[in-house]
Amino acid sequence: MQRSILLISAILLSVSAIQCASQTDRSWVPASLSGSKADSFALVASELSNPCTETDSAQYDSLKSLLQAGKTCREAVILTSDITFYLSHDVPESRTLGIVKTEAQNLKSPHTFHLENRPRLGDPAAPAEIVVFSDFQCPYCAVAAETLHKVYDARPESVSVVFKNMPLQNIHPYAAPAALVAAYAHKQGRFWEVHDRLFASQDKLDADFITEIVESLGTTVDDLFDAQTGLSYSTTVIEDIKEASAAGVQGTPTIFINGVEIANGLRYDRLIARVDAEIQAPQSDTARSKTVACPYPGLESEYNSLTAPQRAQLRMHTAGSLCPCPDSTRSLHECAAQNTCPAASKLVRRIIEGITGDVPNDAILLEIDSFVQKERSASN
C-alpha cells in the first residue's frame, strides 16, 4: 500500500512539474520583459490573430502560437515590438491589447501616398518610410519636426522622411501661405532650410515674416502669390490635403510609417522602436536598396546600383549644388530630374562615380564647383 501511494505521488509530482514548466516557459517572449510583464505579453499575444500569411506560418491561430513555434514575418515582428514597447512603458494589458489590435488591422491595409516631387530626407528605398502630414503654425507639428530630425539622424541609412502639407486654415491663418512658400522653396532645393526656419519661428509667423522668407529665396510676395505662379504651388498643397482626408487624418501632426498611422507618433522612443522593427523585419532590405524609380532620366542603372546611404549622399550633393545649365537658377537636382541639359546628367554621373569610388565629400564638392564654372563659362 505504502509503495503504491509513493508511486502515485511521484506520478502526480511529475505531471505537476510538466504543467508548471509549460505554464512558465517564456523563452519565446522578448528578453527585455520579465515577471508580470512577460505574463502580460503572453496574454496579449494569445488574444491577437496570427498576422502571417506565408505558407509555413498560416497554420497557427494566434501570434502567441506563432512565436512559440519559432516562426515570424514582418507583421509579427512589428506587433511584437508594439506589445513590448507599451508594456515596457507600463501601459495596462487591456489598453495595450486595444492599441495593438488596431495596429494589426492597419497593417493589413496600409495607405499609399503620392510622394513624387515631395520634400524628402533620405533615400526612397530606405526600409522605414515616414510620411508626416503637418501644419507650419501648429505647435505640436514643431515638436514633431524636431523629433523626426532626431529619428533621421539616428538611423540615416534606414529612414526617409517625407513632408506633406495639411494647413488647418480655420485656426491657423498663416499656415497656408507658409505651405506655399515651403513648396516654392522645395523647387529651389531649399525646402528643409525653410521648413526648419518656419517651425523655429512660429511665435512670429505673420505676413512680415513670410515676406522676409520669400525675399530670402530671391523672389517677391507679389510674384510668388500671383494668380498663375501661386496656383502651381497651391495645387501641391491641395493634393496633400485631399490625400490626408482620404487616409482619415483628423489633425496635425499625423505620422505614418510604411503607410500605417503611428499612435503616439510625437514620441521619439515610439518612432525609433517602430523604425527598428521595420529594419529587423524579414522582408526589410537594409544592405542594398531595392530598385526604385530613378529621379534622373538616363541614369537608372547607376542610380539603382547605389546603397541607401549613397543615394542620400547623392541627393545631398544634387539638391545643394547649382545647375550647370546656362542661365539656370535652379538646383542640379531639378535640372537633372527634368533633363534640362546634357551637362546636368553628366555632372550627376560624375558625382555617382565619386561616391562609389569613396571620394571624400569635400573633393566631390570641389569637382562640382569646377564643373559648373567650366560649363557656364563655355556657354558665354
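The values are calculated or read from the model by the stated rules, or taken from the named source; none is laboratory data. Please read these numbers as outputs of a predicted model, since none were measured by experiment. Please note: Cβ atoms are built from the backbone with ideal geometry, for glycine as well, and neighbour counts cover all protein chains shown.
Miscellaneous remarks
- Of the residues making up segment 107-129, at least one is more than 15 Å from the chain's Cα centre (by Cα), at pLDDT below 95 and not in a loop (DSSP other than H, G, I, E, B).
- Residue count for segment 130-157 satisfying the condition of being in a loop (DSSP other than H, G, I, E, B) and crowded, with 23+ Cβ neighbours inside 10 Å: 3.
- Pair list, Cβ < 7 Å and 6+ apart or interchain, from segment 341-362 residues that are touching a residue at least 60 places away in the same chain (Cβ under 8 Å) to residues that are in a helix (DSSP H, G or I) and buried (at least 20 other Cβ atoms within 10 Å of the Cβ): none
- Cβ-Cβ contacts under 8 Å between residues 6 or more apart (or on different chains), taken from a first residue in segment 165-183 that is surrounded by fewer than 23 Cβ atoms within 10 Å (Cβ to Cβ) to a second residue that is polar (S, T, N, Q) and modelled with pLDDT of 95 or more, are listed as Leu168/Gln137; Leu168/Thr252; His172/Gln137; Pro173/Gln137; Tyr174/Gln137.
- The residues of segment 194-211 that are loosely packed, with under 15 Cβ neighbours inside 10 Å and in a helix (DSSP H, G or I), listed by number, are Asp196, Ala200, Asp203, Lys204, Ala207, Asp208.
- Any hit, segment 299-320, residues being in contact with a His (Cβ under 8 Å, 6 or more places away or on another chain), among the small types (Gly, Ala, Ser) and either surrounded by fewer than 16 Cβ atoms within 10 Å (Cβ to Cβ) or in contact (Cβ under 8 Å) with a residue 40 or more places away in the chain (or both): yes
- With respect to the conditions (1) closer than 30 Å to Ser109 by Cα; (2) among the acidic types (Asp, Glu); (3) modelled with pLDDT of 95 or more, Asp206 lacks only one, and its number is (1).
- Scanning segment 65-75 for residues that are touching a residue at least 40 places away in the same chain (Cβ under 8 Å), in a loop (DSSP other than H, G, I, E, B) and either in contact with an Asp or Glu (Cβ under 8 Å, 6 or more places away or on another chain) or under 16 Å from Leu33 (Cα atoms) (or both) returns a single hit, Cys73.
One line per residue, one yes/no per condition, for (1) under 20 Å from Arg95 (Cβ atoms); (2) at pLDDT 95 or above; (3) loosely packed, with under 14 Cβ neighbours inside 10 Å:
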| residue | (1), (2), (3) |
| --- | --- |
| Asp226 | no, no, yes |
| Leu231 | no, no, yes |
| Ala247 | no, no, no |
| Thr252 | no, yes, no |
| Ala263 | yes, no, no |
| Asp269 | yes, yes, yes |
| Ala273 | yes, yes, no |
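- Some residue of segment 76-97 being in contact with a Cys (Cβ under 8 Å, 6 or more places away or on another chain), of a type in the set (A, V, I, L, M) and assigned to a helix (DSSP H, G or I): yes
- For segment 161-175, the candidate set comprises residues that are touching a helix residue (DSSP H, G or I) at 6+ places or on another chain (Cβ under 8 Å) and at pLDDT 95 or above; within that set, the residue that is farthest from Ile255 (Cα to Cα) is Tyr174.
Here is a yes/no grid of residues against (1) modelled with pLDDT under 55; (2) surrounded by 10 or more Cβ atoms within 10 Å (Cβ to Cβ); (3) among the hydroxyl-bearing types (Ser, Thr, Tyr):
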position: Met1; (1), (2), (3): yes, no, no
position: Ser16; (1), (2), (3): yes, yes, yes
position: Asp25; (1), (2), (3): no, yes, no
position: Ser32; (1), (2), (3): no, yes, yes
position: Ala38; (1), (2), (3): no, yes, no
position: Ala45; (1), (2), (3): no, yes, no
position: Ser49; (1), (2), (3): no, yes, yes
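- Residues being touching a helix residue (DSSP H, G or I) at 6+ places or on another chain (Cβ under 7 Å), in contact (Cβ under 8 Å) with a residue 40 or more places away in the chain and either part of a loop (DSSP other than H, G, I, E, B) or under 14 Å from Cys141 (Cα atoms) (or both) - total across segment 256-268: 5
- Among the residues of segment 297-354, the one identified as part of a helix (DSSP H, G or I), touching a Leu at 6+ places or on another chain (Cβ under 7 Å), of a type outside the set (S, T, N, Q) and under 19 Å from Ala185 (Cβ atoms) is Leu332.
- So Thr211, is it among the hydroxyl-bearing types (Ser, Thr, Tyr) and modelled with pLDDT under 95: no
- Residues considered: Glu103, Glu54. Of these, the only one that is closer than 27 Å to Gly265 by Cβ, charged (D, E, K, R) and either under 30 Å from the mean Cα position of the chain (by Cα) or modelled with pLDDT under 95 (or both) is Glu103.
- Enumeration of residues in segment 171-204 that are more than 22 Å from Ser328 (Cβ to Cβ), under 27 Å from the mean Cα position of the chain (by Cα) and among the aliphatic types (A, V, I, L, M): Ala175, Ala176, Ala178, Ala179, Leu180, Leu198, Ala200
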